[in-house]
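What follows draws every value from the coordinates through simple rules; no lab data is involved. Fair warning: this is a prediction, and the values are worked out from it, not measured in the lab. Note: ideal-geometry Cβ built from the backbone for every residue, glycine included; neighbour counts use all protein chains shown.
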Amino acid sequence: MASVQNSKGIAAPLGISKPLLRWYDRHARELPWRISPADRKKGMQPDPYRVWLSEIMLQQTTVATVTPRYQRFLDLWPTLSDLASARQEEVLAEWAGLGYYARAHNLHKCAQVLQQDHDGLFPETAQGLLALPGIGPYTAAAIAAISFDEPAPVMDGNIERVMARLYAVETPLPDAKPVLRAYAAQETPVKRPGDHAQALMDVGATICTPRKPVCSLCPLSQFCGAQSRGIAADLPRKKKKADKPTRHGTAFVIRRKSDNHVLLVRRAPKGLLGGMLAPPTTDWRTEKSIDPSPPFRANWQSQNKVVRHTFTHFHLVLEVQETIVATHAKLDLEGEWVADPLTAGLPTVFRKIFLPSGG
């Protein structure tokens, strides 16, 4: 049990790696981007391209959602060179629906940097990986540990939760993050650090779950301070989040009279949903506009539809107006006419505009 502490108030290591890896060798999840423990023993090595792709896709997105999308990405761009050669618009369109679109921008940019400046090879250390676009401390550590066996401490949400419970850390998140990282670092072994990290992820995803952890099945229950005190389900504690503000805007649907095609424009490359296709919209403001300014003068009709969508930091409420323009009308807009907006790779918030139920 975690009791002895050093001068910095950090409890002594628990020594979880051996029982954890024994459990992982028997119970590792089968995931398309993972090399199983049995295959690792046969000498198979993880492909850093696939590890990197999976880690970027899994940020803020569930395994169930990512799995089919990951395979589609590999079908389109099976190698780093293929992805680096792709057009950014193609990558953004394929990313549609996964959210957090800066990830797609950085994914493409990172592939190009690796191809141009690193001969298509990934740096083999977390420190080297951190210099690449879109790769932060977690992703760098995960790639280095899983692909190159560097004993870099990996800290995702699952591992954070496991550490909080093992060491019975009651300091709320995010204040507890530094100490939880220190605990993860001191438990990371020199041998099989990648499997150790993936094993902790699996324990967190399948046993040490946010609600109702199944402590009776946990390979680490003998070490768990939270379980011994009966507070496992209460940890990690979190500070109460401030209420998200609500922003308002108007989306303008432009249809062509001859074929009912819809005009989509590409959003500015910088900012939220940058570079993605969308119908024109007003700015998104905290105050609802009484008279929203459309992109051009026309017979705009309210669709009596309200689209609601929640982003990380705010709620969005979009009203929808629509107009029909002549086939050869000259519009002061650059965009693409599409037959079916729902197949055009729109972000979820804009797909809702064209769904029968709105959002």
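Okay, here's what the table says:
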read-out	value
The chain: DSSP helices with Cα axial extent of at least 18 Å and average Kyte-Doolittle hydropathy no lower than 1.6	none
Length gained when the stretch residue 82-residue 290 is fully extended (0.36 nm per residue, less Cα-Cα span)	70.1 nm
Proportion of all alpha-carbon pairs of the chain beyond 28 Å (%)	54
Mean separation of Cα contacts under 8 Å, 6 or more apart, over the residue count of the chain: relative contact order %	16
Largest-first principal axis extents of the Cα set of the range 94-175 (Å)	46, 33, 18
Simple Cβ-charge dipole of the range 79-164, Lys/Arg +1 and Asp/Glu -1, about Cα centre, in debye nearest 20	260
Interatomic Cα distance distribution for the range 253-359, bins of 10 angstrom, percent	13, 48, 35, 4, 0
Neighbour-count order for 129, 74, 114, fewest beta carbons within 10 angstrom listed first	74, 114, 129
Nonlocal Lys pairs with alpha-carbon distance under 27 Å, the range 246-354 (8 or more apart, or different chains)	8
Radius 14 Å from Cβ of residue 310, net charge of other residues (Lys, Arg +1; Asp, Glu -1)	+4
Inverse of mean 1/r across different Cα pairs in the range 147-193, Kirkwood, Å	11.0
Reachable lysines, given that their alpha-carbon falls under 26 Å from the alpha-carbon of residue 177 and they are not under 8 places away in the same chain	8, 18, 191, 212, 238, 239, 240, 241, 244
Per-peptide average of other Cβ atoms within 10 Å, ordering 219-227, 258-266 highest first	219-227, 258-266
Three-way shape call for the range 205-311 based on the alpha-carbon gyration tensor, with the a/c threshold at 1.5	prolate
Among 275, 220, 339 the positive-end extreme of the charge dipole of the range 212-352 (Cβ point charges)	220
For the range 182-223, diffusion coefficient by Stokes-Einstein and Kirkwood Rh (Cα), 25 °C, 0.890 mPa s, µm²/s	220
Cross-link reach list, aspartates and glutamates versus residue 42, counting only Cα pairs under 19 Å and skipping chain neighbours closer than eight places	25, 30, 149, 195
